[in-house]
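Notes follow the structure.
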Amino acid sequence: MNILKQSWRSTEPSKISALRDSYKNSYPVSDSTEEMLKVPSLDDIVDSLLLKRFGSKAGTKSQSLHTQPLKSLEKMAYQGQHAARMGIIVNVYIQHALGNLLTLLQDKSPNMDLAIQCDRDIFAMSNKSLDQTARCGSLHH
């Protein structure tokens with residue numbers, strides 16, 4: 001509950017950052033997967049839909065919404081996508097740690113101290129994952 005109270009259902013979601021800076025350093029992403037996890041500013045399809053709905057005033061050379069309220073909404077949605085991206089990254093690290101723990105425990109003579117430390121690490125990562133999920137939910141709320 002303490003973790004969720006920090007960001008879930010915030011009264012001012014625009015003041016919540018998409019992620020903590022420490023998360024970016026703790027969970028690096030390899031160059032080979034960076035492109036897959038890239039967050040686009042706006043999908044190509046959105047531009048044509050905006051032109052159809054609002055005419056030429058909606059279309060711009062850069063992919064950005066036209067009016068100030070829509071730009072604010074786009075910025076918050078973009079932050080929400082970054083929050084979701086970081087949540088995915090943290091969950092992948094958790095899966096990797098769980099695989100390591102399983103391998104460790106399946107050994108004929110498992111090192112219990114190492115297994116306990118691995119469990120503590122997974123618990124810490126799950127707290128960060130919960131925080132990321134709450135940030136994402138707050139931004140999308």
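The values are calculated or read from the model by the stated rules, or taken from the named source; none is laboratory data. Given the structure is predicted, the values throughout are model-derived calculations rather than measurements. Neighbour counts are summed over all protein chains in view; Cβ atoms, including those assigned to glycine, are modelled from backbone coordinates with ideal geometry. The accessibility values were calculated without ligands, DNA or RNA, using every heavy atom of the protein model including side chains. Shrake-Rupley method; radii C 1.70, N 1.55, O 1.52, S 1.80 Å.
Taken over the stretch 91-107, the residue count meeting the criterion of being in a helix (DSSP H, G or I), open to solvent by less than 90 Å² (accessible area, probe 1.4 Å) and free of Cβ contacts under 8 Å to residues at least 24 places away in the same chain is 6. Kindly indicate whether residue 84 is open to solvent by less than 60 Å² (accessible area, probe 1.4 Å) and closer than 30 Å to residue 12 by Cβ. It is true that residue 84 is open to solvent by less than 60 Å² (accessible area, probe 1.4 Å) and closer than 30 Å to residue 12 by Cβ.
Among the residues of the stretch 108-126, those identified as open to solvent by 50 Å² or more (accessible area, probe 1.4 Å) and assigned to a helix (DSSP H, G or I) are 112, 113, 114, 116, 117, 119, 120, 121, 123. Against the condition open to solvent by less than 60 Å² (accessible area, probe 1.4 Å), on the phi < 0 side of the Ramachandran plot and at pLDDT below 75, how does residue 48 come out, does it pass? For residue 48, the condition - open to solvent by less than 60 Å² (accessible area, probe 1.4 Å), on the phi < 0 side of the Ramachandran plot and at pLDDT below 75 - is not met. Of the listed requirements (1) at pLDDT 75 or above; (2) of a type outside the set (A, V, I, L, M, F, W, C); (3) open to solvent by 40 Å² or more (accessible area, probe 1.4 Å); (4) closer than 20 Å to residue 80 by Cβ, residue 40 misses just one: (1).
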